[in-house]
Amino acid sequence: YVRSEKMILRVGGKEQTLFSVARFRKEYGEHNLENLLRAVLMAKLFDLSAYGSAQTGPKLRITERDVLSLTTPRMRQETIYKKGRLTVINDSCATSPDGVIAAIERFRNVGDIVLIAGGTDKKLQFDGLAREIKRYIPQNQLILLEGSATKKLIYDLRFKNYEPRTPFMSLKECVDEALSVAKKIQGKVVILFSPGATSFEKYLHEFERGKDFNRLIKKFLG
């Protein structure tokens, strides 16, 4: 658990202060901090050296530097372009509304978000995402890709008196529009591609969709 921005490990009533999580929390978001807590706990509990035998050597030591150098999984809130005031995030593996909410919470303090979302429905609810979008994403900064899940999201947005723009038929159109909108924003901007839905109406899977997004960003931005 975390206390005063420090990660604390407590086993059998004994506490051990591990390292500061302040920078990690700021850079990777609250949801990734929760993931980190679980990962460190498992690493500590299953570390054979914790038993202190001559064969296992010193106990496992995890530092702040270690966790800050972890590689971001492909297409999971992955930064694929960063120059000047513009950052572009490929989060194609966010195939549920909760994934988009986590991404918005993480990047909303980095800059104004231009969100590209939408896709194929897998019988999920979009009310929570609609609430998050209304709170943090201006209507002109929401770019929707046409799909069955997109229709459900639009319905929930309208129920909250938020009128989104007409969805685009292709990802190319979405990227082109997102870049156009980003140019008009003063200050730092994050183009966040976080669909919140599957890709099956247009792509084989989320990785093909993410690969296409990378290709388009490279085409437009170099």
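Annotations for the structure displayed:
- Long pairs among K134/K172; K134/K183; K123/K202; K152/K188, criterion Cα-Cα beyond 20 Å: K134/K172; K134/K183; K152/K188
- Taking a ≥ b ≥ c as the square roots of the eigenvalues of the alpha-carbon gyration tensor, the stretch 98-149 is classed prolate because a/c is 1.5 or more and a/b outweighs b/c.
- Antiparallel content of DSSP bridges confined to the chain, in %, to 5: 50 percent
- In degrees, nearest ten, helix 148-159 long axis to first principal axis of the chain (Cα): 80 degrees
- Gyration tensor verdict on the stretch 58-125 (Cα atoms; rounded if a/c is under 1.5, prolate if a/b is larger than b/c, oblate otherwise): oblate
- The charge dipole of the stretch 1-45, taken about the Cα centre with unit charges on the Cβ atoms of Lys, Arg (+1) and Asp, Glu (-1), comes to about 140 debye, rounded to the nearest 20.
- Loop sites by DSSP among the chymotrypsin sites (Phe, Trp or Tyr not before Pro) of the chain, restricted to those with at most 10 other Cβ atoms within 10 angstrom, leave 47-222 as the longest stretch without any of them.
- The chain: angle of helix 206-221 to the longest principal axis, Cα-based, in degrees nearest 10: 70 degrees
- Helix axis angle, 30-45 relative to the chain longest principal axis, alpha carbon, degrees: 30 degrees
- Residue among R131, R209, R38 with the largest mean-square fluctuation in a Gaussian network model of the chain, springs linking Cα atoms under 10 Å: R38
- Highest GNM mean-square fluctuation among G187, G147, G111, for the chain modelled with Cα contacts below 10 Å: G187.
- With q set to 0.10 Å⁻¹, the log10 of I(q)/I(0) for the chain, from the Debye formula over equal scatterers at the Cα positions, is -0.52.
- Protein-only accessible surface order, largest first, of T95, T79, T150 at 1.4 Å: T79, T95, T150
- Using just its DSSP H runs of length 4 or more, each adding -39500 (n - 2.57), the chain gives a mean residue ellipticity at 222 nm of -12500 deg cm²/dmol after division by all residues.
- Candidates G118, F46, Q186 compared by Cα position along the dipole of the chain: farthest toward the positive end lies Q186, with charges placed on Cβ.
- For the stretch 128-213, the gyration tensor built on C-alpha atoms gives an oblate shape. Its axis ratio a/c (a ≥ b ≥ c) is at least 1.5, and a/b is not larger than b/c.
- Carbon plus sulfur fraction of accessible area for the chain, probe 1.4 Å, in percent: 52 percent
- Summing Cβ point charges (Lys, Arg +1; Asp, Glu -1) relative to the Cα centre of the chain gives a dipole of roughly 500 debye.
The values are calculated or read from the model by the stated rules, or taken from the named source; none is laboratory data. Given the structure is predicted, the values throughout are model-derived calculations rather than measurements. A quick note on method: Cβ atoms are made from the backbone with ideal geometry, for glycine too, and the neighbour counts reach across all protein chains shown. The accessibility values were calculated without ligands, DNA or RNA, using every heavy atom of the protein model including side chains. Shrake-Rupley method; radii C 1.70, N 1.55, O 1.52, S 1.80 Å.
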